[in-house]
Structures are given as structure tokens and as C-alpha cells.
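All remarks here apply to the structure that follows.
The values are calculated or read from the model by the stated rules, or taken from the named source; none is laboratory data. Bear in mind that the values here come from a model prediction, so they are computed numbers and not experimental data. FYI the Cβ positions are ideal-geometry reconstructions off the backbone, even for glycines, and counts take in every protein chain you see.
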There are 2 protein chains.
Amino acid sequence: MALVHYPVLNKNNDIIASAVTNLDLHDISRAAKTYGVKSVYVVTPLKDQIVLVEKVIFHWTGGLGSSYNPKRRQALELINIQETLEGVVNAIGKSSESQKTPKTVVTSARHGQSNLRFCKFRELLKDGNPYLLVLGTAWGLAESILDGADYVLDAVKGDCSYNHLSVRSAAAIIFDRLLGRDD
Amino acid sequence: MALVHYPVLNKNNDIIASAVTNLDLHDISRAAKTYGVKSVYVVTPLKDQIVLVEKVIFHWTGGLGSSYNPKRRQALELINIQETLEGVVNAIGKSSESQKTPKTVVTSARHGQSNLRFCKFRELLKDGNPYLLVLGTAWGLAESILDGADYVLDAVKGDCSYNHLSVRSAAAIIFDRLLGRDD
């Protein structure tokens with residue numbers, strides 16, 4: 001999966017680069033590890049943010065944190081950094097066993113189109129091809145990212161009209177719907 | 001639901017009172033609001049922590065945050081504070097339409113007993129009686145809380161043996177399994 005910090009929207013629908021949130025790295029990598037997601041790509045072109053992410057990863061995978069809490073190491077090891085989403089797609093294309101470019105699946109709480117249902121995506125994941133789930137921070141992915149994707153995933157729906165999950169909660173729920181077991 | 005900060009375990013299995021995490025309040029109340037959960041009780045006996053939670057709630061429901069982001073207000077309004085889990089049970093018993101004491105359902109990533117399956121709990125929630133889902137912070141709920149509960153919910157399982165979700169991720173997944181729709 002990719003956690004995109006640029007290009008995303010702010011509350012006024014302007015395109016911005018959002019700041020990396022430390023707890024996103026922890027929560028999302030722990031959920032990814034729990035559900036067998038292969039990699040978590042943090043996408044940001046900002047040099048200071050890249051340095052910050054590298055520091056957090058090093059603390060937990062090679063620094064003091066790795067001996068204090070080895071379970072965090074196993075999770076944070078899943079994180080990679082790329083400056084652009086295109087860079088993520090290319091990296092997966094080169095690294096996946098199949099050497100295939102991944103199909104991209106974007107998420108959008110605001111998007112009306114119901115292109116890909118969860119049950120259908122769950123089936124697709126069994127076909128052996130790489131898929132890249134793309135989540136946006138701040139107020140969501142910019143239109144350019146949505147328009148360029150292979151699929152738009154159905155929005156996660158709760159019980160009522162309020163729908164303002166954090167990206168951390170959304171990631172956990174999506175992993176569970178696609179890869180979780182209830183047995 | 002109740003988010004318990006005492007009595008919980010630390011990594012050495014000692015009983016402690018954990019610190020309230022600001023992002024727990026945001027993520028869990030937003031997920032609760034999304035899934036129609038009626039209240040989020042923060043359980044802590046520590047006076048300074050109670051003051052902290054009250055400050056966060058006021059900022060977003062009555063202070064500057066309420067006009068900056070009204071959606072946060074709707075979520076944070078769900079939060080109540082109690083010093084003990086018993087206090088939560090009594091408060092729900094007095095406030096629920098049925099005036100009934102809620103059945104308590106605890107969660108534990110470490111617990112082996114599979115007392116209550118998600119599909120069964122989903123059915124129970126339709127019977128009109130109040131249920132209280134109890135989540136622990138830090139390394140999980142103390143045995144005294146687990147032993148006193150009406151039900152122990154099945155652990156959330158991913159795809160592999162690693163199982164170290166944050167309480168924020170666990171709450172989101174549990175709400176989705178019990179109250180979510182995929183249509």
C-alpha cells in the first residue's frame with residue numbers, strides 16, 4: 001500500500017503536501033504486518049519529511065526502540081519511502097516476484113463512483129498479480145491521483161451518514177475487509 | 001464502548017494506569033460516530049488525566065476547534081469520562097432507554113478463550129439491550145476486568161501470526177465487523 005502526502009487536498013480543496021504523522025507510521029505498519037501486507041510506502045517529496053520518516057524507522061528497526069519493542073521493528077520494517085506514487089509503482093514492478101507493474105486501487109471517502117466492491121477486490125487479490133492500495137492523508141487524494149488509478153474502491157460505510165474516519169482507522173478496516181478472517 | 005486506562009497491563013504484566021493518548025480520543029470517537037456507537041467512555045482515575053481529556057473535549061466541542069472543524073465536534077461529543085468501569089456500567093444503566101445494566105464484552109489479544117464470535121455479537125446487538133464493548137490501552141486489560149465480564153470477544157485475526165494492532169485500529173475493525181455495511 002501507499003500512504004500519500006502529496007498531492008492531497010486540504011479542507012479548502014487546495015492541493016498541498018501534508019506533514020507525515022508519526023502515529024500513521026506505527027498504526028498502519030502494525031496493521032499491515034497483522035494482515036500480511038507486503039510493503040507500506042510513504043509518499044512525500046519533501047526532504048525534511050523523508051529525513052523524519054527515516055529517523056523514525058531507524059529508531060525502531062536499528063536503534064534503541066528495536067530492543068525495547070521488537071514487535072514494532074517487525075512492523076516498521078515494512079515501511080519504504082518514495083517521492084512520488086509513480087516511484088512506488090516502478091519499485092513494485094521491479095521487486096515483485098512476477099515483475100509486473102501493480103494495478104492501483106485508490107480510496108476516496110468523497111468519491112461517488114462505486115468502481116470496485118470489497119468482495120470483488122478480495123477475489124482479485126487471489127490472482128497472483130500485485131495490487132497497490134493507495135490511501136491519502138489530509139482531506140484525501142488529489143483528483144489527478146484518482147483519475148490515473150486502475151480502480152476506485154468503494155467507500156467504507158458505517159451505520160449512518162457521518163463518515164470521517166482517520167486514515168489510520170480506514171487502513172485498518174480496509175485490510176480487515178480484504179484480508180481478515182473471522183473464524 | 002469504554003476505553004480503559006486502569007487497570008491495564010504494562011509489557012512486564014504489571015498493573016498500571018496508562019496515560020491518555022490524544023489521538024485515541026480523536027480516532028476512536030470519529031470511528032464511533034461513523035458506526036453509530038452511542039458513547040465512548042474514557043476510564044481513568046487519575047485527576048490530571050481527567051483534566052486533560054476535559055480540555056481536549058472542550059477545545060473541539062466548545063472552543064476554537066469546534067468552528068475550525070465541526071465534524072470533530074460531532075465525534076468528540078460522544079466522549080464521557082468515568083473513574084472506573086463500574087461507573088460506566090452504572091451510568092449506562094441509568095441513561096439507556098431500557099434502564100437496563102449493559103452486558104459487558106471485553107477484548108483481549110492474548111486471551112485464548114473464544115467466548116463470543118463477531119457474527120454472534122452482531123446478532124445480539126439487535127436485541128434492544130445495551131452492550132458495553134470494553135477495550136484496554138497499553139498491553140491490554142487486567143485479568144480482573146476480563147474475569148468480571150459477561151463475554152470475551154474473539155480476537156481480531158489477520159492473515160498471519162503477528163497480531164499487534166493499536167487500540168485505535170482494533171476499535172475501528174471491531175466497529176466495522178459489528179456495525180459496518182458493505183453494499
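Taking the condition surrounded by fewer than 21 Cβ atoms within 10 Å (Cβ to Cβ) and out of contact with any Leu (no Cβ under 9 Å at 6 or more places or on another chain), does B:R72 pass? Against the criterion (surrounded by fewer than 21 Cβ atoms within 10 Å (Cβ to Cβ) and out of contact with any Leu (no Cβ under 9 Å at 6 or more places or on another chain)), B:R72 qualifies. Restricting the first member to region B:61-74 and to residues that are without any contact (Cβ under 8 Å) to a residue 60 or more places away in the chain, and the second to residues that are of a type in the set (A, V, I, L, M), the beta-carbon pairs closer than 6 Å and six or more apart or on different chains are B:T61/B:L76. Annotation: B:K33 fulfils all but one of (1) more than 28 Å from B:R122 (Cα to Cα); (2) part of a helix (DSSP H, G or I); the unmet one is (1).
The number of residues in region B:138-156 being within 14 Å of another protein chain (Cβ to nearest Cβ) and over 27 Å from A:S166 (Cα atoms) comes to 0. Just the residues that are surrounded by fewer than 24 Cβ atoms within 10 Å (Cβ to Cβ), at the interface with chain A (Cβ under 7 Å from one of its Cβ atoms) and in contact (Cβ under 8 Å) with a residue 12 or more places away in the chain, please, taken from region B:157-176. Answer for region B:157-176, where residues must be surrounded by fewer than 24 Cβ atoms within 10 Å (Cβ to Cβ), at the interface with chain A (Cβ under 7 Å from one of its Cβ atoms) and in contact (Cβ under 8 Å) with a residue 12 or more places away in the chain: B:N163, B:H164. Is it the case that A:T84 is under 24 Å from A:E143 (Cβ atoms), surrounded by fewer than 16 Cβ atoms within 10 Å (Cβ to Cβ) and within 14 Å of the chain's Cα centre (by Cα)? Spelling it out, A:T84 is indeed under 24 Å from A:E143 (Cβ atoms), surrounded by fewer than 16 Cβ atoms within 10 Å (Cβ to Cβ) and within 14 Å of the chain's Cα centre (by Cα).
Listed conditions (1) more than 11 Å from chain B (Cβ to nearest Cβ); (2) surrounded by fewer than 22 Cβ atoms within 10 Å (Cβ to Cβ) are all met by A:L135, apart from (2). Taking A:N12 as the residue in question, decide whether it is of a type outside the set (S, T, Y), out of contact with any Gly (no Cβ under 8 Å at 6 or more places or on another chain) and either buried (at least 22 other Cβ atoms within 10 Å of the Cβ) or over 25 Å from B:G158 (Cβ atoms) (or both). The answer is yes for A:N12. Taking the residues in region A:1-51 that are among the small types (G, A, S) and out of contact with any strand residue (DSSP E or B) (no Cβ under 6 Å at 6 or more places or on another chain) as candidates, determine which candidate is farthest from the other protein chains (Cβ to nearest Cβ). Looking at the filtered set, the residue picked out is A:A17.
If I filter region A:90-103 for residues that are within 14 Å of chain B (Cβ to nearest Cβ) and within 19 Å of A:I28 (Cβ to Cβ), do I get at least one hit? No, the conditions are met nowhere in region A:90-103. Here the strands (runs of 3 or more DSSP E) wholly within region A:48-161 that include at least 1 residues being modelled with pLDDT of 95 or more and among the polar types (S, T, N, Q) are A:79-82, A:103-106. For region B:36-47, the set of residues classified as in a helix (DSSP H, G or I) and closer than 26 Å to A:V156 by Cα is empty.
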